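Structure first, commentary second.
The values are calculated or read from the model by the stated rules, or taken from the named source; none is laboratory data. Bear in mind the structure is a predicted one, so any value in this text is a computation, not a measurement. Glycine gets a Cβ as well: all are built from the backbone with ideal geometry, and neighbour counts include every protein chain shown. We work out accessible area using only protein heavy atoms, side chains counted, and drop any ligands, DNA or RNA first. Shrake-Rupley method; radii C 1.70, N 1.55, O 1.52, S 1.80 Å.
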Amino acid sequence: MSTQYFKNFDIVNYRFGDNEPPVYFNNLTQYVDLVDQIKDNASFYNKYTIVSGERPDTLSYELYESVEHYWTFFLLNDHIRESGWPIADHELGDYAKQRWPHRVTTTQYDFAKLFPVGAIVDGQTSGTTGTIIKRNLDLGQLIIDTVDNNNFGDNELIEYFEEDGSRVTMRLVAETEQYNAVHHYENSNGEYTDIDPHDNATPNGLIPITNHDRLKIRNEQLKEIIVLKPDALTSVTSEFNKLMKTR
């Protein structure tokens, strides 16, 4: 990565850990609001859609014939500064599997006072064993870290033992990979809509949005950015560097 963006940052004494000796490093909190002012002036920028797999440095070269101006994309666009550059489309599947690697079971049973986080559960039919790492009562879901990522079965009875040795069972209605599990439901207007997880049927017209779906939607949003017009680049970056020097 180019260091041109940091060349006008002040140098401060910084400690990268309680037991580490201090070192000289750029003051990353240093900032000027010049680019924030430009965001509201359409005469300075164009709208651009990032192509799948396109990198900040290659886009900088395509627009400005230099890889040095990649940093302008992040200062101009809050969403990619906060969430990061969009992932290449062909990498989304692998990324989703890494981010959501567990199994999700769904039940209509009221387990609010049972099946706590940390409990070890077993599938009576599949023989799958796992540890509950999260519960979503609004959707009737248990997120379970299973041994070797084995799966439970739909309509299977799962069980765990209380501290006093008593056995507790619960029947599932569905089971899936965590990345394919429902995150929420939306109505036809795209609005989050609550459901009754204890009901036998999801209300008609509601659309299930999975974790993978949300990732793809967000990734498409990240592709829509604004970029400095080539004829405005020199004046804006020069003024930015000037202001950084005088802070």
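Charge dipole (Cα centre; +1 on Lys/Arg Cβ, -1 on Asp/Glu Cβ; no other charges) of the chain amounts to roughly 820 debye.
The modelled label-to-label distance for the pair Lys242/Val173, using points 7 Å beyond Cα in the direction of Cβ, is 6.6 nm. Residue by residue, region 58-63 carries 3J(HN,Hα) couplings of 6, 5, 4, 5, 4, 8 Hz when phi is fed to the Karplus relation 6.51 cos²θ - 1.76 cosθ + 1.60 (θ = phi - 60°); x denotes Gly or Pro. Per-atom-type breakdown for region 74-128 gives carbon and sulfur 48% of the accessible area (1.4 Å probe, protein chains only). Per residue, the solvent-accessible area of region 163-222 (1.4 Å probe, heavy atoms of protein chains only, all protein chains present) comes to 63 Å². The loop-placed trypsin sites (Lys or Arg not before Pro) in region 28-123, going by DSSP, that have at most 12 neighbouring Cβ atoms within 10 Å of their Cβ come out as Lys113.
Protein-only accessible surface at a 1.4 angstrom probe places the residues Val51, Val182 in the order Val51, Val182, largest first. Quick one: pull the percent of accessible area on region 154-225 belonging to carbon and sulfur, 1.4 Å probe, ligands and nucleic acids left out. The nonpolar share, carbon plus sulfur, comes to 43 percent. Computed from the C-beta positions of Asp40 and Asn155, the FRET efficiency with R₀ = 45 Å rounds to 0.20. The GluC sites (Glu not before Pro) of region 48-152 that meet both conditions, a loop assignment by DSSP and at most 13 other Cβ atoms within 10 Å of the site Cβ, are Glu65.
Annotation: region 157-226 has a Kirkwood hydrodynamic radius of 15.2 angstrom, from the mean reciprocal C-alpha pair distance.
Note on region 121-247: Kirkwood radius taken over Cα pairs, Stokes-Einstein applied at 20 °C and 1.002 mPa s, translational D equal to 114 µm² s⁻¹.
The per residue volume of the convex hull around the alpha-carbon atoms of the chain is 194 Å³. Only Lys, Arg, Asp and Glu carry charge here, each on its Cβ (+1 for the first two, -1 for the last two); on that basis region 133-247 has a dipole of about 1140 debye about its Cα centre. For Glu91 and Asp164, a Förster radius of 45 Å and the Cβ-Cβ distance give a FRET efficiency of 0.40, rounded to the nearest 0.05.
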